[in-house]
Amino acid sequence: MDVVVTGGTGRLGRVLVPSLQAAGHQVRQVSRRGTGPGGVRADLATGRDLATAVRGAEVVVHAATDPRGNPWQVDVAGTRRLVQALDRDRLRHLVHVSIVGVDRVPWNYYRAKFAAEQVALASGLPVTIVRITQWHDFVDDMLGTARRGPVLIVPMGWSAAPVDVGEAAGFLTEVVAGAPSGGEVVEFGGPEDLSAADLAHAWVAAREPSVRVVATPLPGRLSAAFREGGVLPGPQAARGRVTYAEHLRS
Ligand SMILES: NC(=O)c1ccc[n+]([C@@H]2O[C@H](COP(=O)([O-])OP(=O)(O)OC[C@H]3O[C@@H](n4cnc5c(N)ncnc54)[C@H](OP(=O)(O)O)[C@@H]3O)[C@@H](O)[C@H]2O)c1
């Protein structure tokens, strides 16, 4: 099929594009830079070049995001621009990539991601919403940033089920080939539910053995949501196999 991946230069996009190509699809990938194989330039924040970039798409995997910039402009309004630009007669499947817990965790980026899901669902297009847990690399970055010299302070009681981004790409490749799920949200997570302290101990052992992990209680609603398992996949979720410990060893 003629597949367009938005966010093709991102962490997910870089492994998703080859996965879709290996499954036999013809893949274009859209980003502001338009770099990489099959790269096409378009800006979701303005709509510039978007109609040309997605012309003729039979399947779109929408994985562009702007967590550090303006997710309301890129993720929410950008999804609206995207669904308006698509050819309704030709499109067979819009696979909308989201994050497990966007409906539960009161964080601005997650609120925007949840609102973007609603835009995709309200479009009337054949949609599957796929919520995925945090990439292993993303957890590495978080822990690396939280480290202060010889100490790594992590929030007490938070838990997550991080996932291998390559396995997430493989799962999305299967979703692309399947039928749209309609309003039903599909979840994909890593194999294990781990506390922030577990993740930090594993990361420290593999990367910074002299660093000491300290778990400390963090007040507030956001912290409570993470403690209550807000980013853990539900019982119906598909799960990957690669553990965080395996990722650290690789
Ligand atoms: N990070 C995680 O752990 C995680 C976990 C689960 C799900 N997700 C979701 O998975 C998807 C992919 O995430 P990721 O980690 O691959 O993101 P990423 O590495 O931050 O990549 C974002 C992509 O979006 C593109 N982009 C940003 N602003 C744009 C704009 N205005 N117009 C067009 N393209 C734009 C970027 O390319 P340019 O900069 O070239 O435009 C890049 O290709 C997102 O929906 C994210 O919410 C992420």
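Using the Kirkwood radius over Cα pairs, work out the Stokes-Einstein diffusion coefficient for the stretch 103-189 at 10 °C and 1.306 mPa s, in µm²/s as a whole number.
Values: Rh = 15.2 Å.
The calculation lands on 104 µm²/s.
Just add up the charged neighbours of L222: K/R +1, D/E -1, any other residue whose Cβ is under 12 Å from the Cβ of L222.
For residues surrounding L222, the net value is +3.
Let me make sure I get this right: for the stretch 1-106, a, b and c are the square roots of the gyration tensor eigenvalues over alpha carbons, sorted descending. Under 1.5 in a/c it's rounded, otherwise prolate if a/b > b/c, else oblate. Which is it?
Working: a/c = 1.43, a/b = 1.29, b/c = 1.11.
In terms of gyration-tensor shape, rounded.
So which DSSP H runs in the chain come out at 27 Å plus along the axis (Cα) with average Kyte-Doolittle of at least 0.0?
The qualifying helices: there are none.
Which whole-Hz ³J(HN,Hα) couplings does the stretch 187-192 yield from phi under the Karplus relation 6.51 cos²θ - 1.76 cosθ + 1.60, θ = phi - 60°, glycine and proline marked x?
Couplings: 10, 9, x, x, x, 10 Hz.
Sorted by average packing, counted as other Cβ atoms within 10 angstrom per residue and highest first, what order do 166-173, 208-215 take?
166-173, 208-215
Order the peptides 40-46, 97-103 from the highest to the lowest mean number of other Cβ atoms within 10 Å of their residues.
In decreasing order of mean packing, 40-46, 97-103 become 97-103, 40-46.
How far is the Cα center of the stretch 1-58 from the Cα center of the stretch 81-147, in Å?
Centre-to-centre distance over Cα atoms comes out at 16 Å.
Would you kindly calculate the mean projected area, averaged across all directions, of the convex hull enclosing the Cα atoms of the chain, in square nanometres?
12.9 nm²
Coordinate-derived values only; no laboratory data. None of these values were measured; they are calculated from a predicted model. Neighbour counts are summed over all protein chains in view; Cβ atoms, including those assigned to glycine, are modelled from backbone coordinates with ideal geometry.
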